Every structure is written in C-alpha cells, then in structure tokens.
Amino acid sequence: MKKRALQLLIGMSCLALFAGTAAAHCEIPCGIYDDQARITMLLEHITTIEKSMNQIKAIEKEKDHHANQLVRWVMNKEQHANELQEIVTRYFMTQRIKLETKMYEKKLGLLHQMLVYAMKCKQTTDLNHTAKLKSVVKEFEQLYFAK
C-alpha cells in the first residue's frame, strides 16, 4: 500500500512538473496575445544562453573546475534554447503567422533561422550563434511590426 502511494505521489509530481512547462501559450485560441512581450522573451532567452556560454567557457579554463557547475550551465543553455524554440514554433508559427499574412515567406524564413541558430547554440559555445540569433530576432521584429 505504501509503495503504491509513493508511486502515485511520484507520478503526480512528474505530471505537475511537465504540465507547467509544456506550453508556451494556449492553442484554444484564447485571443490574448502580447507579441511584443514574446519578442522581449526571445531576446531574454538569447541573453541567458550567451551568459551560459560565457560561464561554460570560464569554468572549462579553470584548472580544478567543478563538473556539476559546468553541467548546470550546459543544462541552463539547453533549457533557454528550448524555450526560445517553443515560443517560435507554438506561438509565432502556429498562431500568429497566417498564410495570408503579408510577407509570409520572409517571416517564416526568419522564424526558421531562429530555430536553426537556437539548435546551434545547444551544440556549441560559439557566441557567433547568439549574435546571429539576436540579429534575426531583431530583423523579424521589424518585419513583424511593420505597418
């Protein structure tokens, strides 16, 4: 009986953990959109990825570095790249960029570039990828909000 209760508690904890982090925005659609806030979030994720890369490089240079700190920064970089990809795909690509939207192909291309550069950020600590990612987000922002 105690074993079953423990299994149930662990299962519910996992469900709560994943349910809270799975969605970037609802897909009902709810009609509540804050596009500028999402752009700000993208840029914040890039800044965090960049800081993580710098921390990883600094730790790797230390003679006696702590592996757990290195792993934590790598995981942080990965998490923020994933969250950026989540906003790009589940918010902009599926909800905000419509087929009949002006400059659809250009916007879609920029969103795809964001996904690719986020992937490259996961694979390396090359700050050129974060610089390119930031540049693409800024280009998308200008195009997206153009009158």
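The values are calculated or read from the model by the stated rules, or taken from the named source; none is laboratory data. Keep in mind that this is a model prediction, so the values were computed, not measured. Backbone-built Cβ (ideal geometry, glycine too); neighbour counts: all protein chains shown.
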| field | Complete set of residues in the range 46-74 that are free of Cβ contacts under 8 Å to residues at least 40 places away in the same chain and within 30 Å of Y144 (Cα to Cα) | value | T47, T48, K51, S52
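Matching residues to (1) in contact with a Pro (Cβ under 8 Å, 6 or more places away or on another chain); (2) over 30 Å from E60 (Cα atoms); (3) free of Cβ contacts under 8 Å to residues at least 60 places away in the same chain; (4) not basic (K, R):
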position: L99; (1), (2), (3), (4): no, yes, yes, yes
position: K102; (1), (2), (3), (4): no, yes, yes, no
position: E105; (1), (2), (3), (4): no, yes, yes, yes
position: L115; (1), (2), (3), (4): no, no, yes, yes
position: H129; (1), (2), (3), (4): no, no, yes, yes
position: K132; (1), (2), (3), (4): no, no, yes, no
position: V136; (1), (2), (3), (4): no, no, yes, yes
position: E141; (1), (2), (3), (4): no, yes, no, yes
| note | T94: passes all of (1) crowded, with 17+ Cβ neighbours inside 10 Å; (2) hydroxyl-bearing (S, T, Y); (3) modelled with pLDDT under 95 but (1)
| field | Search result, residues across the range 97-114 that are surrounded by 14 or more Cβ atoms within 10 Å (Cβ to Cβ) and not in a helix (DSSP H, G or I) | value | I97
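Counting just the residues of the range 118-147 that are aliphatic (A, V, I, L, M), surrounded by fewer than 17 Cβ atoms within 10 Å (Cβ to Cβ) and part of a helix (DSSP H, G or I), which one comes out nearest to the chain's Cα centre (by Cα)?
Just the residues of the range 118-147 that are aliphatic (A, V, I, L, M), to begin with: 118-119, 127, 131, 133, 136-137, 143, 146.
With the extra rule that they be surrounded by fewer than 17 Cβ atoms within 10 Å (Cβ to Cβ), the set shrinks to 119, 127, 131, 143, 146.
In the following step, the residues that additionally are part of a helix (DSSP H, G or I) were identified as 119, 127, 131, 143.
Details: M119: 10, L127: 16, A131: 15, L143: 21 Å.
Filtering first and then ranking leaves M119.
Restricting to the range 50-89, give me the number of residues that are of a type in the set (K, R) and surrounded by 14 or more Cβ atoms within 10 Å (Cβ to Cβ).
As a first pass, look at the range 50-89 and keep what is of a type in the set (K, R): 51, 57, 61, 63, 72, 77.
Those left that are additionally surrounded by 14 or more Cβ atoms within 10 Å (Cβ to Cβ): 51, 72, 77.
Count: 3.
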| remark: Within the range 108-147, of all residues that are of a type in the set (A, V, I, L, M) and touching an Asp or Glu at 6+ places or on another chain (Cβ under 8 Å), the one farthest from K51 (Cα to Cα) is L110
